[in-house]
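J.: What follows is a structure written as structure tokens; I'll ask about it next.
Derivation of every value follows stated rules applied to the coordinates shown; laboratory data play no part. Since this is a predicted model, take the numbers as computed values, not measurements. Neighbour counts run over all protein chains shown; Cβ positions are idealised from the backbone, glycine included.
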């Protein structure tokens with residue numbers, strides 16, 4: 001069935017990976033073999049095996065309601081011009097006990113079943129298998145080549161080869177005289193994508209349809225040509241069973257499969273998939289959306305942002321986001337970094353010039369220094385202003401005004417694949433907020449206002465973009481931006497500039 005230069009520091013990765021991956025979507029995300037998520041008239045759609053699909057107004061809360069005739073298995077969707085091309089497999093995959101399958105395409109002007117323009121065209125067969133040949137026509141996926149505008153279809157399962165054929169992007173039909181090309185074995189639920197001179201073939205390995213006992217995992221190979229050969233990072237051809245691991249089971253989520261690319265622009269990419277079993281939802285198959293990163297020319301599966309306490313560090317200068325208050329000195333015993341090890345008076349001149357045969361004067365045993373406790377926010381915040389307080393960037397010195405608690409907002413809505421977060425000084429309710437002047441302050445308490453809700457997107461290099469849901473009285477989209485070594489503001493995001501890139505690490 002169908003499957004659509006990390007800059008983070010080691011401490012960042014450890015902090016974000018401490019918890020198992022969290023489910024990226026809410027609502028009723030129950031689906032198997034999801035198509036690539038597609039935006040239509042302001043809503044997101046994905047379709048699965050069977051006739052139904054899911055709809056989301058924001059990409060975070062998903063509900064049933066998508067409509068796709070024809071039944072069958074593992075559809076895919078691609079917008080071409082002002083129409084949507086839908087492809088799906090009828091029978092095949094061992095369904096009904098055989099491997100005689102057909103791949104069909106059909107068109108629609110819209111994916112919204114409530115629209116007066118909602119009407120699917122008659123489905124046409126573009127590929128098939130007879131049940132005896134070394135291919136199983138199921139699990140289709142579409143790629144429109146950005147280099148030349150040619151349209152390609154991959155399909156197949158473990159029963160024989162994964163195959164590639166060319167379609168006509170104006171009709172959705174198979175090009176006349178186009179012969180299928182074998183490009184992989186030992187996988188199913190394939191997906192094709194292109195990036196920086198490479199074509200990538202993603203295939204789902206392992207077994208499906210056994211809930212928590214499924215072994216699905218997604219692997220990838222790449223080629224300079226759309227027709228292959230697709231080699232993995234070890235140089236093994238996918239026609240020989242190769243494939244570099246992209247994502248496997250983790251935590252309470254079993255059997256990821258059916259990759260679909262979501263390119264949001266500005267250096268943000270995500271991917272959709274399903275898990276064969278979400279153990280927290282009775283082992284049902286569910287939709288997930290996760291960040292997609294890139295390292296050394298290979299895709300890397302990111303993890304959804306996990307709630308926790310973090311240092312927010314600017315990539316521009318390495319300084320940390322902090323509350324603009326005076327640093328409270330830590331009480332300590334003053335030791336001299338020179339002289340005796342205990343910080344007492346330096347050795348006497350006589351001792352320093354004593355001959356080699358002169359024994360040193362007796363000394364008392366050194367008392368081990370006592371540990372110093374970290375400062376507590378309840379103590380150092382007593383003299384903080386009670387109203388709004390600005391923020392800035394500064395050297396990180398493990399102080400409470402530099403530690404931020406980041407948690408998803410219950411019933412706060414979300415965006416594609418993630419909830420909105422609140423960002424507060426850890427141990428307080430003092431919340432980060434955007435002002436009408438597109439500046440940053442902290443307010444005494446979190447109210448859930450749009451300017452206090454934050455979007456945290458991981459970029460393809462592993463760093464992060466941080467954006468308010470809304471700047472008051474503005475429709476413009478702004479991101480945290482370091483315009484100086486210590487000055488932070490809100491500005492339009494520039495994906496080519498480190499000023500608006502941040503990392504999160506454990507304090």
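J.: What is the mean projected area of the alpha carbon convex hull for segment 142-200, to one decimal in square nanometres?
T.: In nm², the orientation-averaged hull projection of segment 142-200 is 4.3.
J.: May I pose another question? Give the separation of the Cα centroids, segment 416-479 to segment 282-314, in Å.
T.: If you average the Cα positions of each part, the centres end up 19 Å apart.
J.: Per-residue counts of other Cβ atoms within 10 Å, averaged by peptide: what ranking do you get for 143-151, 55-63, highest first?
T.: Output ranking for 143-151, 55-63: 55-63, 143-151.
J.: Which Rg and Dmax, in Å, describe the Cα atoms of the chain?
T.: Values for the chain (Cα only, Rg and Dmax): 28.5, 105 Å.
J.: Could I ask something else about it? Going by average Cβ neighbours within 10 Å, how do the peptides 322-335, 192-205 rank, with the highest at the top? Don't jump to the answer; show the numbers that get you there.
T.: Numbers: 322-335: 13.6, 192-205: 21.4.
Packing order, densest peptide first, comes out as 192-205, 322-335.
J.: Related question: Considering only C-alpha atoms, what is the centroid distance from segment 222-279 to segment 26-45, in Å?
T.: 19 Å
J.: Sorting check: for 424-432, 470-478, which peptide has the highest mean count of neighbouring beta carbons within 10 Å, and how do the rest follow?
T.: On the way: 424-432: 20.3, 470-478: 13.9.
Order by mean packing, descending: 424-432, 470-478.
J.: Related question: Enter the Cα centre distance for the pair segment 50-120 and segment 176-212, rounded to the nearest angstrom.
T.: 19 Å
J.: Quickly estimate the mean residue ellipticity at 222 nm for the chain, helices only: each DSSP H run with n ≥ 4 gives -39500 (n - 2.57), and the total goes over all residues, rounded to 500.
T.: It lands at -500 deg cm²/dmol.
J.: Quick check on segment 10-304: what are the equivalent-ellipsoid semi-axes from the Cα gyration tensor, as sqrt(5λ), descending, whole Å? Can you show the working numbers first?
T.: Numbers: eigenvalues 135, 109, 76 Å².
Semi-axes (√(5λ), whole Å): 26, 23, 19.
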